[in-house]
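Structure, as structure tokens:
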Amino acid sequence: MATASTLPCLLKTFFSHHHHKLSLLSISRHSHQYLSTLSLHSSSKTRCFSSSSSTNAPSPQKNIIKILQQRGLVESITSESLQTVCTATPLKVYCGFDPTAQSLHLGNLIGLIILSWFSRCGHVPVALIGGATGRVGDPSGKTLERPELDVKTLENNVSCISDIVRKILGDDAVILNNYDWWKDVTFLDFLKNVGRFARIGTMMGKESVKRRLEASESGLSFTEFSYQLLQGYDFVHLFDKMGVSVQIGGSDQWGNITAGTDLIRKILHTDGAYGLTFPLLLKSDGTKFGKSEDGAIWLSSSMLSPFKFYQYFFNVPDADVVKFLKILTFLSLEEINVIEEEMGKSGYVPNTAQRKLAEEVTRFVHGQDGLEEALKATEALKPGAETKLDWKTIEGIAEDVPSFSMKLDQVLNYGLVDLSVSTGLLDSKSAARRMLKQGGLYLNNCRVDSEGRKIEVEDIVEGKVLLLSAGKKNKMIVRIS
Ligand SMILES: Nc1ncnc2c1ncn2[C@@H]1O[C@H](COP(=O)(O)OP(=O)(O)OP(=O)(O)O)[C@@H](O)[C@H]1O
Ligand SMILES: N[C@@H](Cc1ccc(O)cc1)C(=O)O
């Protein structure tokens with residue numbers, strides 16, 4: 001059993017600063033009940049809590065739970081007393097993400113937004129990446145057993161997801177990997193220290209188990225059946241070793257979260273742990289936004305460009321935009337009400353609310369630079385836009401525009417009329433000439449006035465690409481190979 005003196009800096013800091021009444025005391029009182037081989041070494045991504053999370057931190061004034069409820073971000077809480085507790089003292093709050101893909105997605109963003117709300121109200125956000133649970137597979141909301149991921153893929157996913165969380169939540173968030181405390185636990189330890197406190201009847205009653213047994217012919221493996229205890233024990237560990245007293249998750253996580261509060265009650269003999277679930281964000285067809293679903297709205301810019309991310313929100317239907325502003329932005333409800341009122345007025349410019357939504361969410365996820373990249377690309381794609389183009393902007397729109405590759409020596413000195421035809425932008429030279437005469441032929445967003453215009457080396461943006469446009473919407477990227 002690790003003792004406080006052997007713990008790394010992270011945990012010592014937790015012990016010395018955290019306000020929870022159990023802390024060190026509970027370790028000595030309950031030490032015999034703990035998994036003896038728990039590794040308490042934090043991953044390199046974790047950080048020590050700063051003094052802002054110490055006992056000296058001012059009590060949060062705002063009722064975070066009320067704020068979340070007013071915005072439609074609460075489905076259920078395990079106890080109403082969380083309303084009082086959250087205004088009395090800064091809390092540590094965690095949300096877990098399994099590394100089943102290289103990136104988080106729009107559905108997962110809700111958890112990050114709620115963590116950020118907690119942080120903004122004076123609490124400490126903890127993001128847990130499931131390096132261990134990702135090897136087991138959460139049956140919640142899944143009708144079939146999850147495919148097993150190889151270790152290399154999992155480790156890469158853990159690292160990519162940590163980077164995304166760090167970028168979005170910043171240095172205020174603590175990021176942990178549950179593999180750090182599960183990797184040395186033996187099966188016998190698990191049965192003795194966790195399994196003993198879990199009742200089969202309760203486990204069978206979980207929605208995820210019942211649904212799988214009813215809906216799937218192959219049922220549920222013992223491995224996935226055990227998942228609830230892994231997540232449950234994570235909460236015990238985080239509660240006891242780090243003073244984390246609240247776990248949040250989507251409504252599909254209720255069974256796993258209450259597995260944790262039950263275990264905490266049984267192992268640590270306290271009611272001081274709380275769970276909060278939020279509604280799942282659903283697509284228009286009623287299915288949830290997820291990472292294993294098609295057409296995911298990824299948060300990683302390498303899987304979905306900030307431009308496309310921005311466009312998704314810019315194109316949200318009017319019927320959804322106010323709900324999305326409440327759920328996905330930090331604008332005050334008063335500001336959102338003003339936007340809603342404007343939408344009902346006669347002079348309302350279509351998509352003004354969507355523009356605000358897209359700006360706020362893109363800035364939160366991709367930062368100011370990402371937002372600017374998205375705005376530039378949006379501008380560049382506008383019919384007849386005259387935006388100065390750089391390579392990044394052209395790459396930003398690349399997925400939405402056809403492209404054609406040519407060698408540098410083929411393209412230099414080539415006439416623009418000919419180029420429009422050979423790349424397939426226009427069907428014939430006569431069509432190209434007509435377009436040019438009507439003022440509709442553009443090279444890199446600049447109007448082409450002369451039929452004799454040829455491509456020069458300065459036209460090639462950063463030595464890599466050209467953008468041709470014919471009329472308002474028809475565009476072609478020419479890549480120099
Ligand atoms: N559409 C969604 N709306 C709200 N929360 C979601 C949504 N999808 C996932 N979450 C939440 O994100 C957290 C992490 O979920 P998880 O890692 O299982 O993602 P997932 O998309 O459900 O993955 P998978 O598609 O592999 O099941 C959980 O709290 C889960 O409830
Ligand atoms: N089960 C959660 C992820 C998670 C993993 C471990 C935890 O301790 C908490 C949450 C999900 O799949 O969405």
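The values are calculated or read from the model by the stated rules, or taken from the named source; none is laboratory data. Owing to the predicted nature of the structure, the values given are computational and were not obtained by experimental measurement. Methodologically, a virtual Cβ is constructed for each residue, glycine included, from the backbone with ideal geometry; neighbour enumeration extends over all protein chains shown. When the accessible area is computed, the model is the full protein with side chains, heavy atoms only, and any ligands, DNA or RNA have been set aside. Shrake-Rupley method; radii C 1.70, N 1.55, O 1.52, S 1.80 Å.
Among the numbered criteria (1) within 16 Å of ligand 1 (Cβ to nearest atom); (2) within 16 Å of the chain's Cα centre (by Cα); (3) open to solvent by 10 Å² or more (accessible area, probe 1.4 Å); (4) not aromatic (F, W, Y), which one does I248 miss?
(3)
The conditions are (1) within 16 Å of ligand 2 (Cβ to nearest atom); (2) buried (at least 19 other Cβ atoms within 10 Å of the Cβ), and P147 fails exactly one of them. Which is it?
Of (1) within 16 Å of ligand 2 (Cβ to nearest atom); (2) buried (at least 19 other Cβ atoms within 10 Å of the Cβ), only one is false for P147: (2).
Residues K464, K429, K475, K392: which one is out of contact with any Pro (no Cβ under 6 Å at 6 or more places or on another chain) and over 30 Å from Q311 (Cα atoms)?
K429
I'm checking my understanding of the structure. Among residues of segment 92-137 that are away from ligand 1 (no atom under 12 Å from the Cβ) and among the charged types (D, E, K, R), which one is nearest to D252 (Cα to Cα)?
Step by step, filter segment 92-137, then rank; the result is R135.
Which one is surrounded by the most Cβ atoms within 10 Å (Cβ to Cβ), of the residues in segment 270-284 that are more than 14 Å from ligand 2 (Cβ to nearest atom) and either within 18 Å of G250 (Cβ to Cβ) or of a type in the set (V, I, T) (or both)?
Among those that are more than 14 Å from ligand 2 (Cβ to nearest atom) and either within 18 Å of G250 (Cβ to Cβ) or of a type in the set (V, I, T) (or both), it is Y274.
Mind telling me which of the residues V349, V365, V338, V321 ends up being under 30 Å from A101 (Cβ atoms) and without any contact (Cβ under 8 Å) to a residue 60 or more places away in the chain?
Details: V349 fails: under 30 Å from A101 (Cβ atoms); V365 fails: without any contact (Cβ under 8 Å) to a residue 60 or more places away in the chain; V338 fails: under 30 Å from A101 (Cβ atoms).
Result of the check over V349, V365, V338, V321: V321.
Looking at segment 245-269 only, could you name the residues that are more than 23 Å from K142 (Cβ to Cβ) and more than 13 Å from ligand 2 (Cβ to nearest atom)?
Correct list: S245, R265, K266, I267, L268, H269.
With the structure loaded, tell me whether C160 is open to solvent by less than 20 Å² (accessible area, probe 1.4 Å), farther than 19 Å from S226 by Cβ and either in contact (Cβ under 8 Å) with a residue 60 or more places away in the chain or touching a Pro at 6+ places or on another chain (Cβ under 7 Å) (or both) or whether it fails that test.
On the way: open to solvent by less than 20 Å² (accessible area, probe 1.4 Å): no; farther than 19 Å from S226 by Cβ: yes; either in contact (Cβ under 8 Å) with a residue 60 or more places away in the chain or touching a Pro at 6+ places or on another chain (Cβ under 7 Å) (or both): yes.
So C160 does not fit the description; no.
Can you give me the number of residues within segment 251-289 that are in a loop (DSSP other than H, G, I, E, B) and either within 16 Å of ligand 1 (Cβ to nearest atom) or among the aromatic types (F, W, Y) (or both)?
Looking only at that region, the number is 9.
Among the listed residues G170, G201, which satisfies the condition of being on the phi > 0 side of the Ramachandran plot and in a helix (DSSP H, G or I)?
Answer to the check: G170.
Can you work out which of the residues in segment 117-133 that are open to solvent by less than 10 Å² (accessible area, probe 1.4 Å) and part of a helix (DSSP H, G or I) is farthest from ligand 2 (Cβ to nearest atom)?
F118
Just for strands (runs of 3 or more DSSP E) wholly inside segment 431-481: which have at least 2 residues that are touching a residue at least 24 places away in the same chain (Cβ under 8 Å) and more than 36 Å from the chain's Cα centre (by Cα)? Write out each step before concluding.
Working: elements: 441-443, 465-470, 474-480.
Because the criterion is at least 2 residues that are touching a residue at least 24 places away in the same chain (Cβ under 8 Å) and more than 36 Å from the chain's Cα centre (by Cα), the strands (runs of 3 or more DSSP E) in segment 431-481 that meet it are 441-443.
Could you pull out the residue among L230, L176 that is touching a residue at least 60 places away in the same chain (Cβ under 8 Å), in contact with a Leu (Cβ under 6 Å, 6 or more places away or on another chain) and either assigned by TED's automatic domain parsing to the domain that holds A273 or in a helix (DSSP H, G or I) (or both)?
L176
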